[in-house]
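Asks: Pasting a structure here, questions to come.
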Amino acid sequence: MSTDISASGSDLADMIVYLSRLGQSPGRLGIGAAPAQNLTAAQWTALRYFARANRFSRTPSAFSEFHATTRGTASQTVKSLVTLGLLSRQMHETDGRSTVMEVTEAGHEMLRHDPMAELRNVLEKLAPAVRAAVAQALGQAVADLAQSRNAPVFGSCSECSHCQTDAGTSYCHCTQSLLSLREMDAICVDFQPNRNPA
Ligand code: SF4
């Protein structure tokens, strides 16, 4: 696939889909070793999602939004990871009627064999200015497509309009909760992008 600087939207769309598929495949070099080959692409996506999502978003329904799939399909994927011992269901911290999914120790061990690691390394090697430009362009494309499909955009607290930080304390006006430092980088289904002042 060429890297023509005047690539059309169609070329870019093909490139993004190909990059995503290539990044998720175990490859020929044995990246991920034996256990990685036991998971499907959907199971890997779910495992990564639950490792990165905050406490308000670690539910099968939020995962279905993130993966742009039906609740039934997302639920089956989650169930299969529970059966494999890679995810477990835990009582929600504040709402005793609902459960959240947690990545188990075996799940974290599996993530150490994530085939996506090679794609992350390749992207990490791009010059910082190029990475920033790519992030900006992809972020815009995600926001535009999500808006036209009425789908949520996932993001983290530091760029969310619901987040208020005063004197080192961060508060979420959407979930009415104090946010820990660790949570600030997690991805969230309730994220609302900050509007850039013109
Ligand atoms: S501030 Fe935004 S991203 Fe953070 S928990 Fe609240 S809604 Fe989610």
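Asks: With respect to residue 161, is the statement that it is in contact with a Ser or Thr (Cβ under 9 Å, 6 or more places away or on another chain) and of a type in the set (Ser, Thr, Tyr) true?
Replies: Spelling it out, it is not the case that residue 161 is in contact with a Ser or Thr (Cβ under 9 Å, 6 or more places away or on another chain) and of a type in the set (Ser, Thr, Tyr).
Asks: From the set of residues in region 148-198 that are basic (Lys, Arg) and either assigned to a loop (DSSP other than H, G, I, E, B) or within 10 Å of the ligand (Cβ to nearest atom) (or both), which is modelled with the lowest pLDDT?
Replies: Taking the candidates together, the pick is 195.
Asks: So, of the residues in region 106-123 that are among the small types (Gly, Ala, Ser) and surrounded by fewer than 19 Cβ atoms within 10 Å (Cβ to Cβ), which turns out to be farthest from the chain's Cα centre (by Cα)?
Replies: 106
Asks: Another question about this same structure. Considering only residues that are among the small types (Gly, Ala, Ser) and in contact with a strand residue (DSSP E or B) (Cβ under 6 Å, 6 or more places away or on another chain), which ones fall in region 157-185?
Replies: Scanning region 157-185 gives a single hit, 170.
Asks: Given the conditions (1) without any contact (Cβ under 8 Å) to a residue 40 or more places away in the chain; (2) out of contact with any strand residue (DSSP E or B) (no Cβ under 7 Å at 6 or more places or on another chain), and given that residue 151 satisfies all but one, which numbered condition is not satisfied?
Replies: (1)
Asks: Applying the selection to region 110-121, what residues are without any contact (Cβ under 8 Å) to a residue 12 or more places away in the chain and assigned to a helix (DSSP H, G or I)?
Replies: 120, 121
The values are calculated or read from the model by the stated rules, or taken from the named source; none is laboratory data. Predicted model only: the values in this text are computed from it and were never measured. Every residue, glycine among them, receives a Cβ derived from its backbone with ideal geometry; neighbour counts consider all protein chains shown.
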